[in-house]
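Notes for the one structure printed next.
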Amino acid sequence: MFLSGCPNNEKFGPDADYFIGLQKLEEGNFKEARLKFNNCIKKGTYYCAKESAVQLTTFGNLLEKTEAAEFLYKTYPGTDTLLILAKQYNNSNEIRKLLEVTNKIDFSQDDNELIKFRLNALLKLDLQQRFFDEVYTWFMSRSITQEMYQFYRDVYSTFAVESPENFAIQYRIILYRRDYLSGYSLAKQLFEYFENGDIGPSGFLASDLGKSFLYGSEKIVNDAVELRKKADTDYIKGTQMEFYFWFYAGRLYDGANLYYKQAITCYENAIAATDDGSKKDNALWYLLKTKLKLSLDGTLAEIGKYAREWNDPAYFDDFFDTLIPSLIVNSKWDAFEQLLNDIDGYASKEIVAQIAYLYARLIEESFIVLDESRQSQKEAVLSRLYTKALDSGTSTYYRVMAAYRMGLKDRELEQLLGLNTQIGEPVAATPLDNLLSGYAYFGFPEKIYQAFFIDEVSTETGIYIADFLAKYGAAQKNDEYIVQALRIASRSANKSNGTLSKDQLKTLYPKNFEDLVDTYSKKYDINSSVLYALIRSESFFDKEIVSSAGAVGLTQLMSPTAGEIAQKLKVKEYELTDPETNIRFGTYYLSELIRRSNGSLLRAFFSYNAGFRKVTTWLNSSMLEFRKSDNMEMDLFLETIPVSETREYGRKLIGATVMYEYLYENSDFAQTVESLLK
């Protein structure tokens, strides 16, 4: 199935043999397929050649499959090809060869299925002690998964003998099943095994112990003291367990309230006890949250110091989701300038953009008054702040809002929204590009989505294959491909360093279910761009999706809400996974919320997510915080909403609505934003 615009669509060269081989395989022409795959292995690019070698392991007699698997692993060594070889040795009952090739596997990160092949091979050869030793290594080296739990239940437990190692494995299973009370009651025995040297240090086991204290203890403070003592003992100090004991001691003090200073000390000791950046971030996040409980001013004074210690700035985004509303509630207007200076270059782009935008808006609304030396430069200060907000990472919202406040138009606005109307330098291809574009060009949609995540892909190829999947899914009436298309387009756009064409952006903001959206947006007098934005943000156009809270379908309706809508629309029987029903109900519901919100789209968006009564209460509180009697600015109201999910929901819908209007309706940008903020 051909699509225009494919990178290198006439230059597959030897790689074409891989895709032709797949076609021959589907036709049952194994001889010709083998010939094509071998040709690609000799002359093709890396991924096409490798996949050709993989295909050779799937057909032929047992000997041919085994030889192909051995060639594959020798030529392309890696855990994925080792797994294929292990399966083949298992199928051909070459157990000793299986053990030989898996001798150096990494129990902490290699595929669980590969590890199970090895462990089952040990049992087949009656090497039970090695079996026990390696199961112990496996279970102490990573988080327990459902696959590991099933292995424990169905295989290991039938052979296990009483030992400290078996006790430790059982303990991890108990915690995996979230039986914290049992874990807490068995903790004393586990500590004795550590103290006597019967069990060596294990960070995962220490983490499980900490969780058993945190969720199974009724003597919170006493147990916090106990963990502090353990962290400072000779057999724990300096091991990977020390971090967890300090960390969970801090969590216990934190949960007890009134012991915040002790919690902070424990978090600081946890940070000092590890070189792992993700663990440091975790402890530092809790430390900042605890300091915020103690003192808002104290936290603000130290945040610059802590920002310089962050490993992953995005990890702290939700800390700012707590901090920023606190500043507004407490009228800490003057804190925004110093906060911006402290975190600029350290926090994520999204957070820097948010604070810069808010700082500018507070100046505009006279909550912040510049000193005399800068008052004459007010417009320059605002321009600098809004310019900083334009660089908002993946957040369309602050980019849109800053552009609106700056009055950007024409080419500046196009560049800002990601449009590229000029032909630039060709995008450099990545090693995976030919494989993915070939799957699209030669018509193998079922292979694209999984392969997309193997390695980096150029933005051009990412958008191309997304466009292919979207069109293929629409033609075949297969919504799975449509959902995959949007996910690939979104990931490709977020990773892009440049701008996209208007057609490429339309792949990121598609008009799926167009007939239904047009019908019901007209029926209930809602701008179709608003409805597309709602569906995209709620479900990514996945008609079958069900949220963890139980919301169903394209517009994510809860059953009670759907029941009320059905009564009002006099619909007796309905199915929320049916696109027409879901879009009809969702559009009607949103139209009612807009009416009840006096025409305010943003208020209606918030109400759709959190409920009308909550939003009314929040709005009244916000007006008090900003000393307003009426005409509350909706962008400032958004920042005061106490629920992070609802704030982000409003941001997403504003950004998506603007993009739909700009891409498809060529509407005036400023008028679109104003209509959303009224």
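In the stretch 68-107, which residues have a backbone nitrogen under 12 Å from the label point lying 7 Å from Leu125's Cα in the Cα-to-Cβ direction?
Taking a point 7 Å out along Cα→Cβ of Leu125, the residues of the stretch 68-107 whose backbone N falls under 12 Å are 94-104.
Excluding Thr290 itself, calculate the net charge of residues whose Cβ lies under 10 Å from the Cβ of Thr290, where each Lys or Arg counts +1 and each Asp or Glu counts -1.
+4
Counting only heavy atoms of protein chains, what accessible area per residue, in Å², does the stretch 499-630 have with a probe of 1.4 Å?
Heavy-atom SASA per residue in the stretch 499-630 reads 48 Å².
Probe radius 1.4 Å, ligands and nucleic acids left out: which of Lys568, Lys36, Lys349 has the largest accessible area, and how do the rest follow?
Descending accessible area places them as Lys568, Lys349, Lys36.
Please go through the stretch 106-210 and write out the GluC sites (Glu not before Pro) that DSSP classes as loop and that have at most 13 other C-beta atoms within 10 Å.
Filter output for the stretch 106-210: Glu162.
List the lysines whose Cα sits under 19 Å from the Cα of Lys261, skipping any in the same chain fewer than 8 residues away.
Partners found: Lys219, Lys229, Lys280, Lys289, Lys291, Lys293, Lys305.
For the residue pair Ser182 and Asn330, what label-to-label distance in nm results when each label sits 7 Å from Cα along the Cα-to-beta-carbon direction?
4.5
Name the lysines eligible as straight-distance cross-link partners of Lys506: C-alpha to C-alpha under 18 Å, and not fewer than 8 places from it in the same chain.
Result set, ordered by chain and number: Lys471, Lys495, Lys652.
Eigenvalues of the Cα gyration tensor times 5, then square-rooted: what semi-axes does that give for the stretch 264-304, in whole angstrom, largest first?
20, 10, 8
Tell me the mean residue ellipticity at 222 nm calculated for the chain from its helices only (DSSP H runs of n ≥ 4, each -39500 (n - 2.57), averaged over every residue, nearest 500).
Helix contribution divided over all residues of the chain: -21000 deg cm²/dmol.
Between Asp312 and Lys568, how high is the FRET efficiency from 1/(1 + (r/R0)^6) when r is the Cβ-Cβ distance and R₀ = 45 Å? Nearest 0.05.
On the way: r = 47 Å, r/R0 = 1.05.
After rounding to 0.05, the efficiency reads 0.45.
Under a point spin-label approximation (7 Å from Cα along Cα-to-Cβ), what is the Gln146-Arg384 distance to one decimal in nm?
5.4
Would you tell me the accessible area of Phe442, worked out with a 1.4 angstrom probe on the heavy atoms of the protein chains, in Å² to the nearest 10?
Ignoring ligands and nucleic acids, Phe442 comes out at about 40 Å².
Would you work out if the stretch 55-128 is rounded, prolate or oblate? Take a ≥ b ≥ c from the square roots of the eigenvalues of the alpha-carbon gyration tensor; rounded if a/c is under 1.5, else prolate when a/b is larger than b/c, oblate otherwise.
Oblate, because a/c is 1.5 or more while a/b does not exceed b/c.
Tell me, what is the 1.4 Å probe accessible area of Phe336, in Å² to the nearest 10?
Surface accessible to solvent at Phe336 totals approximately 0 Å².
Ignoring ligands, DNA and RNA, how do Ile535, Ile144 rank by accessible area with a 1.4 Å probe, largest first?
On the way: Ile535 0, Ile144 20 Å².
Descending accessible area places them as Ile144, Ile535.
Cross-link candidates for Lys43: which aspartates and glutamates have Cα within less than 14 Å, leaving aside residues fewer than 8 places away along the same chain?
Asp15, Asp17, Glu51
What percentage of the solvent-accessible surface of the chain, computed with a 1.4 Å probe over protein heavy atoms, is contributed by carbon and sulfur atoms? Could the numbers behind the result be given before it?
Values: 14300 of 31600 Å².
About 45 percent, which is the carbon plus sulfur part of the accessible surface.
In nm, what is the difference between 0.36 nm times the number of residues separating Glu302 and Tyr215 and their Cα-Cα distance?
Gain on stretching Glu302 to Tyr215: 28.3 nm.
What ranking, highest mean first, results for peptides 650-662, 175-187 when packing means the other Cβ atoms within 10 Å averaged over each residue?
The packing order, highest mean first, is 650-662, 175-187.
Given that compact globular proteins tend to follow 2.2 N^0.38 Å, what is the ratio of the alpha-carbon Rg of the chain to that value?
The chain yields a ratio of 1.12.
In whole Hz, what ³J(HN,Hα) sequence does the stretch 390-406 give by Karplus (6.51, -1.76, 1.60; θ = phi - 60°), x for Gly and Pro?
5, 8, 9, x, 8, 7, 5, 4, 5, 5, 5, 5, 5, 4, 5, 5, 7
Across the stretch 68-209, how many lysine pairs, 8 or more positions apart or on different chains, have C-alpha atoms separated by under 13 Å? Please give the number.
Numbers: Lys87/Lys97; Lys87/Lys116; Lys97/Lys124; Lys116/Lys124.
Taking the stretch 68-209 as the scope, the lysine pair count is 4.
Working from the pairwise distances between different alpha carbons, so that the mean of 1/r is found and then inverted, what is the stretch 508-584's Kirkwood radius in Å?
12.6
Rounded to the nearest 0.05, what FRET efficiency do Asp455 and Thr577 have when you use their Cβ-Cβ distance and R0 = 30 Å?
Computed FRET efficiency for Asp455 and Thr577: 0.30.
So for the pair Lys11, Ala474, with labels modelled 7 Å out along Cα→Cβ, what separation do we get in nm?
My value for the distance between the label points is 2.9 nm.
If amide H atoms are built 1.01 Å from N in the plane of the peptide, which residues on other chains or at least 5 residues away come under 5 Å of the amide H of Leu557?
Val552
Can you tell me the alpha carbon radius of gyration of the stretch 207-366 divided by the globular rule-of-thumb value 2.2 N^0.38 Å?
That works out to 1.14 for the stretch 207-366.
Consider a paramagnetic label point 7 Å from the Cα of Gln23 along Cα→Cβ; state which residues of the stretch 455-473 have an amide N under 16 Å from it.
Answer for the stretch 455-473: none.
With a 1.4 Å probe and every protein chain left in place, tell me how much accessible area Ser157 has, in Å² to the nearest 10.
50
May I ask you to derive the relative contact order of the stretch 511-567, considering only C-alpha pairs under 8 Å and at least 6 residues apart, and to give it as an integer percent?
Relative CO of the stretch 511-567 lands at 20 percent.
Ranked by accessible surface with a 1.4 Å probe, highest first, in what order do Lys230, Lys188, Lys471 come?
Lys188, Lys471, Lys230
Along the stretch 650-664, what does the Karplus equation 6.51 cos²θ - 1.76 cosθ + 1.60 (θ = phi - 60°) give for ³J(HN,Hα), rounded to whole Hz, x for Gly and Pro?
Ordered by residue, 3J(HN,Hα) equals x, 4, 4, 5, 5, x, 5, 4, 4, 5, 4, 5, 6, 6, 10 Hz.
In what sequence, highest mean first, do 579-585, 222-228 appear when ranked by Cβ atoms within 10 angstrom? Please list the in-between numbers first.
Details: 579-585: 22.0, 222-228: 20.1.
Highest mean packing first, the order is 579-585, 222-228.
The values are calculated or read from the model by the stated rules, or taken from the named source; none is laboratory data. In this text the structure is predicted, and so the values were computed from the model without any measurement. Please note: Cβ atoms are built from the backbone with ideal geometry, for glycine as well, and neighbour counts cover all protein chains shown. Areas reflect the complete protein model, heavy atoms only, side chains present, ligands, DNA and RNA absent. Shrake-Rupley method; radii C 1.70, N 1.55, O 1.52, S 1.80 Å.
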